1. How many residues does region 208-261 contain that are in a loop (DSSP other than H, G, I, E, B) and either of a type in the set (Gly, Ala, Ser) or under 24 Å from residue 138 (Cα atoms) (or both)?
2. Tally time: how many residues in region 50-83 are under 15 Å from residue 115 (Cβ atoms), over 30 Å from the mean Cα position of the chain (by Cα) and among the acidic types (Asp, Glu)?
3. Picking from 338, 331, which residue would you name as being in the same structural domain as residue 492 (by TED's automatic domain parsing), of a type in the set (Ser, Thr, Tyr), more than 13 Å from residue 274 (Cβ to Cβ) and part of a strand (DSSP E or B)?
4. Among 443, 498, 494, which is crowded, with 22+ Cβ neighbours inside 10 Å, part of a loop (DSSP other than H, G, I, E, B) and in contact with a Gly (Cβ under 7 Å, 6 or more places away or on another chain)?
5. Output the number of residues of region 452-482 satisfying the condition of being crowded, with 21+ Cβ neighbours inside 10 Å and small (Gly, Ala, Ser).
6. Under 7 Å by Cβ, and 6 or more places apart or on different chains, what pairs join a residue from region 361-377 that is in the same structural domain as residue 307 (by TED's automatic domain parsing) and free of Cβ contacts under 8 Å to residues at least 24 places away in the same chain with one that is among the charged types (D, E, K, R) and buried (at least 21 other Cβ atoms within 10 Å of the Cβ)?
7. Test residue 99 against the stated conditions and say whether it is in the same structural domain as residue 157 (by TED's automatic domain parsing) and farther than 19 Å from residue 45 by Cα.
8. Please list, ordered by first then second residue, the pairs with beta carbon atoms under 7 Å, 6 or more apart or interchain, first in region 69-83 and more than 24 Å from residue 221 (Cβ to Cβ), second surrounded by fewer than 24 Cβ atoms within 10 Å (Cβ to Cβ) and of a type in the set (Asp, Glu).
Amino acid sequence: MPASKFTAAKFGGNPLPATAWPLLLLPLLAAASLSARGENVGQFENHSDVGGPKLAGQAVFDAAQKSYRITGGGANMWFAKDSLHYVWKKISGDVSLAADIEFQGKGVDPHRKACLIIRQTLDEDSPYADAALHGDGLISLQYRESKSAPTREIQANLKGPRRLRLEKRGKYVSMSITMDDDALRPSGGSFRLVLEEPFYVGLGVCAHNDNVLETAVFSKVELTTPSAPVAGAKPQLISTLETVAIASKDRRVTWWTTNRIEAPNWSRDGSNIYFNSKGRIHRIPQGGGEPQLIDTGFATRNNNDHGISPDGTQLVVSDQSQPDRKSRIYTLPISGGTPKPIVEIAPSYWHGWSPDGQTLAYCAERNGEFDIYTVPASGGSEVRLTTAKGLDDGPDYSPDGKYIYFNSDRSGRMHIWRMKADGSAQEQITRDEWNNWFAHPSPDGKWLVFLSYEPDVKGHPENKDVMLRLMSLADGKIDVLAKLFGGQGTINVPSWSPDGKKLAFVSYQFAP
């Protein structure tokens, strides 16, 4: 550290002779030497700057308090590269890292970050995951899936936690938080990140301003291997209702629960999201809150094929409350009420409502064949639109009403198809190695989102590694919107925000 860093005022206001500086620097040099030998970083191995911040960071381990005081500079941890100070240890296998985190001082930038971090390497563009506390209280699970790829995040719906935990189990990473008690609870949401062993795990601070240093204290640090499931015990399911922004691919948690929830619909005014759980339909504010139960009368075995009319006044459900437990289609007021039978031939599963509000499209099994049908929204005779052998499912209308998108396995693999609204001119849209289900055009007509399973998966089961993929309807280019643990229930029905900028979906994870 150059002598110019010290001021006369620092040492009582009297300038020191040049011969005194080496004596003052000896403790600092000794500390640096200890750092290089890994003797003053507690349970970690070393600490270093990542990404070449303008101002060098430092780390001090307080053995008595078992805390780490980390000072870091750096412009950001985002986009394709990071800049921070990092206390780290190499490790393999599953890992859990938890700590109480407290920033020191007011800070310069509200986006300064104090993080629990897993990194593949110490390179600035390394794949990584972190549980990040920002200076303004924002909590997010951030990740870079591959070298030099952009950073994405899953924002929690709470702010200012007392304690964070970052956990890697297999190929999934998740975050837990403590607010005002001692219980660590899931923040909701997880993502798939494949790392080669060994990798780095530790604590980091980024100033979010390359001209300053920021400091955070990490206390009660616990670096452990996650507890294994108890033999014979059933793991706990966590369902997370999320939204994802199409432009950034960043995700945000709306709500999570240990009950299974499925198939979100976004209300036409953008204020609420509807979903099914335990046979009932619920409504929750899109920004988070407590779900409210919708009165669906006798229909108390609703499955995940439900939706909202174009004018926002009606709810359509597919219910299995009749004695034969086969699905039938009903409509009722959006606020709740007595269901009106629309399709009484069973089984029938609703999927799409024409933009003019006049027609429902659905999948139905008749004489052993699953095909696409339509029926007047007020009830009447059904019209069969597909006749190919195999399964045709998931019909949804284009925003201009000219086309119906659906998925079909008639080619030997499940792919997305399109036909005119009267069933004519059927054409295949996707032709890759994935099994593609439940295509939903965006309200602005720019995008088509669908669910993709791995090539060897049959049907659309739950609890699988899946992707939400996004196709540009202008040029047919397909991009991955999110990788998650899900499948059945993730995105069975239309779930676009009214402005076409976001999508609602459900992800899942299991905890011991």
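The values are calculated or read from the model by the stated rules, or taken from the named source; none is laboratory data. As the structure is a prediction and not an experimental result, all values here were calculated from the model. Here the Cβ is made from the backbone with ideal geometry for all residues, glycine too, and neighbour counts use every protein chain on show.
1. Number satisfying all stated conditions: 17.
2. So the count comes out to 0.
3. 331
4. Working: 443 fails: crowded, with 22+ Cβ neighbours inside 10 Å; 498 fails: crowded, with 22+ Cβ neighbours inside 10 Å.
The unique qualifying residue is 494.
5. Looking only at that region, the number is 2.
6. Between residues of region 361-377 that are in the same structural domain as residue 307 (by TED's automatic domain parsing) and free of Cβ contacts under 8 Å to residues at least 24 places away in the same chain and residues that are among the charged types (D, E, K, R) and buried (at least 21 other Cβ atoms within 10 Å of the Cβ), the close pairs are 364/371; 370/392; 370/393; 371/392.
7. no
8. What qualifies is 75/210; 80/125; 81/124; 81/125.
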